[in-house]
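Shown next, in structure tokens, is the structure this report addresses.
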Amino acid sequence: MQKKSFLDKAWEIQRRVEEKIKHIGKGKYGRIFKMARKPTDEEFARTAKITFLGMMVIGAIGFVIYVIKMIVAPWLFSFFGM
């Protein structure tokens, strides 16, 4: 068996990738890809704002949990003599 060169291996990988991608538009996701469109500037801005708000809420919840762990819990343990 002859050893494949780097270029032959690259072409083989390229062929396999193209073969897999060729079926994307025809499968169960084909309708979704055909219906998909680029969002308008207004839709993108609204989505970005909602995403940012969600990240801030999750961050605030994490910060409150951190404060409870670092400040409130030790104070409660010392208050009750534990």
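The values are calculated or read from the model by the stated rules, or taken from the named source; none is laboratory data. Keep in mind that what you see is a predicted model, and the values were worked out from it rather than measured. Cβ: placed from backbone, ideal geometry, glycine included. Neighbour counts: every protein chain shown.
Some notes on this structure:
- The lone exception for Pro39 - which of (1) part of a helix (DSSP H, G or I); (2) within 23 Å of the chain's Cα centre (by Cα); (3) surrounded by 10 or more Cβ atoms within 10 Å (Cβ to Cβ) it fails: (1)
- First in region 66-82 and modelled with pLDDT under 85 and of a type outside the set (S, T, N, Q), second anywhere and surrounded by 10 or more Cβ atoms within 10 Å (Cβ to Cβ) and assigned to a helix (DSSP H, G or I), Cβ under 9 Å, 6 or more apart: Met82/Leu76
- Residue in region 67-79 that is assigned to a helix (DSSP H, G or I), of a type in the set (Gly, Ala, Ser), loosely packed, with under 10 Cβ neighbours inside 10 Å and outside the structural domain of Ile24 (by TED's automatic domain parsing) present: yes
- Condition met for Gly25 (modelled with pLDDT under 90, surrounded by 10 or more Cβ atoms within 10 Å (Cβ to Cβ) and in a helix (DSSP H, G or I)): yes
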